[in-house]
1. Take peptides 66-74, 151-159, 113-121, 14-22 and line them up by average Cβ neighbours within 10 Å, highest first, as a rough protection proxy.
2. How would you order 54-62, 166-174 from highest to lowest mean count of nearby Cβ atoms within 10 Å?
3. In deg cm²/dmol, rounded to 500, what helix-only [θ] at 222 nm does the chain give when every DSSP H run of at least 4 residues adds -39500 (n - 2.57) and the total is split over its residues?
4. Given Cα pairs under 8 Å that are at least 6 residues apart, what percent is the relative contact order of segment 42-173?
5. Quick one: Karplus J couplings for segment 55-72, per residue in order, coefficients 6.51, -1.76, 1.60, θ = phi - 60°, nearest Hz, x for Gly and Pro?
6. Where Lys and Arg each count +1 and Asp and Glu each count -1, what net charge lies around TRP84 among other residues with Cβ under 13 Å from its Cβ?
7. Add +1 for every Lys or Arg and -1 for every Asp or Glu among the other residues with Cβ under 14 Å from the Cβ of ILE9, and state the total.
8. Pulled fully out, how much extra length does the chain show between ARG86 and ILE27, if you take 0.36 nm times their separation in residues and subtract their Cα-Cα distance?
Amino acid sequence: MLQDFDFSILTWLQAHRTGFLDTVVPILTRLGDKGVFWILVGVVLLCIPARRRCGISVLAALLASLILGNGLLKHLFGRARPCWLRPIEDMLIAIPKDTSFPSCHALSCFAAAVVIFHYDRRLGVPALVIAGGVALSRLYLYVHFPTDVLAGTVLGIVIGLAVCTLLDRFVFPRFPALAPAREGQDGMI
């Protein structure tokens, strides 16, 4: 029943593909590939003294996402991808070999974006827009079910908030040399 609902959304998306999106969406989804984009963002933030807490937190959230998503949940659930169950001829990217649930693209992107938003809303809004675009790209590309993306998004938000809470409460106060006490004009501590 749920899988039928998932497929109805995916079928609708496939029926409404456009040449422009067929070109742009595969590029957009690469921002979530192996977390490379977000790792680079975290490293850049880590190198800026006023953004160091944010950089550390982004990298910690990505590590937690990797462990929970790829390391545990994908193996635990073992859900087949839509492109495995009902193949289509015109896939826009290579068919992934790992399982579908949860979408680790959505998970890692939202974990990183929520952390960035926590520390600096001006940077966080574009980060959340990118995360949302990457998450939706997984549906358009027919490699995840909507429930995979929803679960990845929710888990990413939870991980991002948990990492910020734990590091702000227990780690950063004990190691003040890691970063200045205040970050970003609009940031939250």
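Derivation of every value follows stated rules applied to the coordinates shown; laboratory data play no part. Just so it is clear, the structure is predicted and the values come from calculations on it, not from any experiment. Ideal geometry is used to build each Cβ from the backbone, glycine not excepted, and the neighbour counts take in all protein chains shown.
1. On the way: 66-74: 17.0, 151-159: 22.3, 113-121: 25.7, 14-22: 10.9.
Answer by packing, highest mean first, reads 113-121, 151-159, 66-74, 14-22.
2. Details: 54-62: 25.4, 166-174: 13.1.
Per-residue mean Cβ counts within 10 Å order the peptides as 54-62, 166-174.
3. Numbers: 9 runs with 116 residues, N = 189.
Taking each H run of at least 4 residues, the total per residue is -19500 deg cm²/dmol.
4. Values: 194 pairs, mean separation 38.5, N = 132.
Averaging sequence separation for qualifying contacts and normalising by length gives 29 percent for segment 42-173.
5. Calculated HN-Hα couplings, in order: x, 4, 5, 4, 5, 5, 5, 5, 5, 4, 5, 4, 5, 6, x, 6, x, 10 Hz.
6. Values: positive: ARG79, ARG81, ARG86, LYS97; negative: ASP98, ASP148.
In short, +2.
7. Details: positive: ARG17, ARG86, ARG138; negative: ASP4, ASP6, ASP148.
Local net charge: 0.
8. Values: separation 59, 0.36 × 59 = 21.24 nm, distance 2.38 nm.
Between ARG86 and ILE27, full extension yields an extra 18.9 nm.
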